[in-house]
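Here is the structure we will look at.
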Amino acid sequence: MMLGLRGWGGIAVLTAVVCCSAACSSSGSSGPAASKQFQILAVLPLSGDLAQHGHEAEIAAQIAVAEVNSHGGFDGEQGVLTVKDDGDDPTRAVAVVTQAVSAGNIPDMVISGASSDEAVPVLPILAKAKVLQFSCSGASNYNDPAKYPLAFSTSPSPSDVANDLFAEMQQKGYKSVGMLTTDDVLGHSQATGYAPVAAKDGITFNTRYVPDNAVSATAQLQQLLSTKPDALIISAEGSPVVTMLQARATLGVTLPTYGDATTAGNDVYSLAGAQLSKGVLIQTYPDTVVGTPITSRAPFTTFYAGVKAHPPIVGSIVPYSFCGYDPIAITAGAANVAKSTQDSKIASALNSGLTAAQVPLALGPTTYDAGNHQPDYTSEDFYWAPVSPLEDGLYTPKS
Amino acid sequence: MVTTIFVGIGNGAAYALVALTYTLTLATTGIFNFAQAQIVMVGTFVAYVCLSEYKWSPLLGLLACVLVGLLLGYGQERLGIRPLEDARGAKSLVTTVGAAVLIEGAAFALFGENPRTLPFFGGNNAFTLFGGRELPVYVYILAAAVVLTAVLHFLTKHTRWGLASRATTSDQGLAALRGINHRRITTVAFAVSGALGGAAGLLLASSAPVSYDYGNDLVTFAFVVMNVGGLGSYIGTLFTGLGFGIVEAICDRFLPAGASLIMLFVAFLIVLLVRPSGIVGRKKIRMV
């Protein structure tokens, strides 16, 4: 079919309009027009039990993308964030991710969930599709670089948590330590990770498990106390933290009590109240405490201002930084080091062990290696704080 | 060991308290109300809001819990039970489970996922008795369970309402021929068990974290306690609840994690095999 001159002219105008609008939409509000965008898919629990954390991670991811884009993007490519809801349901998470990698527009990176339950099931799908995956999962079965070379986490490994925890115990001269934890995957994973570190440090370590739905942990604590510990560790999330502290109050336990990094993810003070949480020390992170070097300067100040612009902040700042912000900030740094947005090259850059200077926008540790895709946490990356009320997600130590 | 026994009695009394409110609807109407634990859960939130946020007195808080529970129970009967042609069976199972999901969803939407704690108005310092330690709230829970058992047992055995309700459970058609208004009995049973569930929430809110999924934990234990004790028997429910709690605490004290649940469910299966209507249950009511 022949087109007249007027017809060709019309097509030319239409093409010009389409090209212009495409260029405008892809370039964003600042910087030169980029031909390719870095597509980030965040599959988060925007509904269901973890909806609060999902929304927090979404806000943080938006802040991270805006920050990265204003600092030059992912090796020059502007990041574009798409958020989808998995309802805190592993089956839905798998369906959403499968659909994403089956479609024509495969994302460059996937942030998977706010929990291990969402992150672990999608590992094989993203590994097969060769898509970079980031999560805040601390589970040991998530961290398997040989099987999943493109999957990384922002959370410390149980052994890194234990190194700091037992260094503290050793410093205090404790010879025997007892831990109450939940009778679930996380609890068993923590206990398994902690035991060899305690043995290495010459500390006798005993664990008792409390069911998630237990109305009391008193009998389990009695059992633990029969091992004559010098100090007590509590490792749990949500309601069991209260149940364990109630057991401590019932038995009138005066042993030094510590909440590990898992417990630090909770707002223990508002969860358990002043009386139950009295005297408990929490193993938190420097970016959750007012006045630490990290929270006093950029990029934290920019990140935190962004978070505060979306009130209220319920509980700790941890879900924002670990599950939404740092995955994007770390990936951008790695892409800039690799001078590529190819996922395998980003992974190689991450495996090379990035320094803080190479990942200037990240809040937490960024040192990975080929055998460990959970970042290296040293004692400097933890902070011991007495349980106190959180103010806008942060601890404010008393002078 | 005394502390372990105290822990068992305290937890067992909490299970029994919830199970008693289940038994009330079952004994008087033959309907197992799956949403009962969710009404208790709402009671815990009402208690939290009244006592912790509005700083009401415990008595005012109790009245609010009773009122909200009563309205929920009444509303559930009017909307989910009365429209059914024969509520005793699978139909009411569906509507009561539906009500449970609805109430839990509403609690989640209103209060979110974060659990809350409510300090007990009667004190939070553990006391020592016979060498064992216990929190004051469990004394109140035990007292409430014992008093409720006595009152419900008396009402069922020694009043016209109790006689009418037993007749309704036994044979609804025959009871209707004798002039008993079974609809009214059902409405009263749901409203009263709702009110009692709400009131139980006031005490239970101080014994465990207040959370939207609190009802899920209760429903399993209450169901087992009620079945083992004897469907329709208040005294059986109380003693089974206490026994259940003591066995659970002893297992938790001396055996590895998870052993207590296995032991309890093995006991449950044995009772069902030997006495399907429970230890002191009436043969007419059989749920499983």
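The values are calculated or read from the model by the stated rules, or taken from the named source; none is laboratory data. Keep in mind it's a predicted model, so treat the numbers as computed, not measured. Because the Cβ atoms are built from the backbone with ideal geometry, glycine has one as well, and the counts that use them run over all protein chains shown.
If I filter the stretch B:1-43 down to residues being aromatic (Phe, Trp, Tyr) and farther than 13 Å from B:Gly215 by Cα, which single residue comes out as farthest from the other protein chains (Cβ to nearest Cβ)? Outline the logic, then answer.
Filtering the stretch B:1-43 down to residues aromatic (Phe, Trp, Tyr) leaves B:6, B:15, B:22, B:32, B:34.
Add one more test, that the residue is farther than 13 Å from B:Gly215 by Cα, and what stays is B:6, B:32.
Numbers: B:Phe6: 9, B:Phe32: 21 Å.
Checked the stretch B:1-43; the qualifying residue farthest from the other protein chains (Cβ to nearest Cβ) is B:Phe32.
Which members of the stretch A:220-233 meet the condition of being under 30 Å from A:Glu118 (Cβ atoms) and within 14 Å of chain B (Cβ to nearest Cβ)?
Scanning the stretch A:220-233 gives a single hit, A:Gln220.
Look at A:Val290 and say whether it is modelled with pLDDT under 85, over 28 Å from A:Thr250 (Cβ atoms) and either over 17 Å from the mean Cα position of the chain (by Cα) or within 14 Å of another protein chain (Cβ to nearest Cβ) (or both).
On the way: modelled with pLDDT under 85: no; over 28 Å from A:Thr250 (Cβ atoms): yes; either over 17 Å from the mean Cα position of the chain (by Cα) or within 14 Å of another protein chain (Cβ to nearest Cβ) (or both): yes.
So A:Val290 fails the test.
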Exercise for the section: Find the residue count for the stretch A:269-279, including only residues that are away from every other protein chain (no Cβ under 14 Å) and buried (at least 18 other Cβ atoms within 10 Å of the Cβ). Expected result: 0
Exercise for the section: Return the residue satisfying two criteria in turn: it lies in the stretch A:166-219 and is more than 11 Å from chain B (Cβ to nearest Cβ), among the basic types (Lys, Arg) and touching a strand residue (DSSP E or B) at 6+ places or on another chain (Cβ under 8 Å), and of such residues it is farthest from B:Phe244 (Cα to Cα). Expected result: A:Lys172
Exercise for the section: Tell me, please, whether a residue that is in contact with a strand residue (DSSP E or B) (Cβ under 9 Å, 6 or more places away or on another chain) and outside any helix (DSSP H, G or I) can be found in the stretch B:99-116. Expected result: yes
Handout entry: the stretch B:213-226, subset out of contact with any Phe, Trp or Tyr (no Cβ under 6 Å at 6 or more places or on another chain) and crowded, with 24+ Cβ neighbours inside 10 Å, residue farthest from B:Ile31 (Cα to Cα)
Key = B:Tyr214
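Every residue, every condition in (1) closer than 27 Å to B:Asp171 by Cα; (2) of a type outside the set (Ser, Thr, Tyr), yes or no:
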residue	(1), (2)
B:Ala19	yes, yes
B:Thr25	yes, no
B:Phe32	yes, yes
B:Ala35	yes, yes
B:Gln38	no, yes
B:Leu79	yes, yes
B:Leu84	yes, yes
B:Val97	yes, yes
B:Val101	no, yes
Handout entry: Among the candidates B:Arg184, B:Arg166, B:Arg253, residue that is within 14 Å of another protein chain (Cβ to nearest Cβ), part of a helix (DSSP H, G or I) and out of contact with any strand residue (DSSP E or B) (no Cβ under 9 Å at 6 or more places or on another chain)
Key = B:Arg253
Completion exercise
Over the stretch A:91-104, the set of residues farther than 18 Å from A:Leu150 by Cβ and at pLDDT below 90 is A:Ala103, A:Gly104
Exercise for the section: Among residues belonging to the stretch B:158-169 that are over 22 Å from the mean Cα position of the chain (by Cα) and in contact (Cβ under 8 Å) with a residue 12 or more places away in the chain, point out the one that is surrounded by the most Cβ atoms within 10 Å (Cβ to Cβ). Expected result: B:Ala164
Problem - Candidate set from the stretch B:47-63 (those that are buried (at least 24 other Cβ atoms within 10 Å of the Cβ) and aliphatic (A, V, I, L, M)); member that is nearest to the other protein chains (Cβ to nearest Cβ) - result: B:Leu51
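Which ones in the stretch A:246-259 are more than 9 Å from chain B (Cβ to nearest Cβ) and either surrounded by fewer than 22 Cβ atoms within 10 Å (Cβ to Cβ) or over 21 Å from A:Gln170 (Cβ atoms) (or both)? Give the steps one after another, and end with the answer.
Applying the first criterion (more than 9 Å from chain B (Cβ to nearest Cβ)) to the stretch A:246-259 yields A:248, A:253-259.
Within the stretch A:246-259, A:Arg248, A:Val253, A:Thr254, A:Leu255, A:Pro256, A:Thr257 meet the criteria.
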Exercise for the section: Evaluate the stretch A:298-306: report whether one residue or more is of a type in the set (Ser, Thr, Tyr), surrounded by fewer than 22 Cβ atoms within 10 Å (Cβ to Cβ), farther than 30 Å from A:Ser388 by Cβ and more than 14 Å from chain B (Cβ to nearest Cβ). Expected result: no
Problem - Residue, surrounded by the most Cβ atoms within 10 Å (Cβ to Cβ), within the stretch A:236-245, restricted to residues that are more than 9 Å from chain B (Cβ to nearest Cβ) and over 10 Å from A:Ala272 (Cβ atoms) - result: A:Ala236
Exercise for the section: Kindly indicate whether any position in the stretch B:176-195 is of a type outside the set (A, V, I, L, M), under 26 Å from B:Pro83 (Cβ atoms) and under 12 Å from the mean Cα position of the chain (by Cα). Expected result: yes
Handout entry: Subset of the stretch B:242-288 that is modelled with pLDDT of 85 or more and not aliphatic (A, V, I, L, M) - its residue that is surrounded by the most Cβ atoms within 10 Å (Cβ to Cβ)
Key = B:Asp252
Exercise for the section: State whether the residues of the stretch A:52-74 include one that is modelled with pLDDT under 85 and either under 19 Å from A:Ala338 (Cα atoms) or of a type outside the set (A, V, I, L, M) (or both). Expected result: yes
Exercise for the section: Mind listing whichever residues of the stretch B:123-152 are more than 14 Å from chain A (Cβ to nearest Cβ) and surrounded by fewer than 16 Cβ atoms within 10 Å (Cβ to Cβ)? Expected result: B:Phe130, B:Ala143, B:Val146, B:Val147, B:Ala150, B:Val151
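The rows are residues; the columns are (1) part of a loop (DSSP other than H, G, I, E, B); (2) out of contact with any Asp or Glu (no Cβ under 8 Å at 6 or more places or on another chain); (3) within 14 Å of chain A (Cβ to nearest Cβ); (4) closer than 26 Å to B:Ile103 by Cβ.
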| site | (1), (2), (3), (4) |
| --- | --- |
| B:Phe190 | no, no, no, yes |
| B:Leu196 | no, yes, no, yes |
| B:Ala200 | no, yes, yes, yes |
| B:Asn216 | no, no, yes, yes |
| B:Val224 | no, yes, yes, yes |
| B:Gly232 | yes, yes, no, yes |
| B:Thr237 | no, yes, no, yes |
| B:Phe244 | no, yes, yes, yes |
| B:Glu248 | no, yes, yes, no |
Exercise for the section: Could you identify the single residue in A:Ala167, A:Ala195, A:Ala231 that is free of Cβ contacts under 8 Å to residues at least 24 places away in the same chain, more than 25 Å from B:Ser207 (Cβ to Cβ) and not basic (Lys, Arg)? Expected result: A:Ala195
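Looking at this structure, is B:Ala106 surrounded by 13 or more Cβ atoms within 10 Å (Cβ to Cβ), more than 8 Å from chain A (Cβ to nearest Cβ) and within 14 Å of B:Phe45 (Cα to Cα)?
yes
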Handout entry: Residues that are among the aromatic types (Phe, Trp, Tyr) and part of a loop (DSSP other than H, G, I, E, B), drawn from the stretch B:118-151
Key = B:Phe120, B:Phe121, B:Phe130
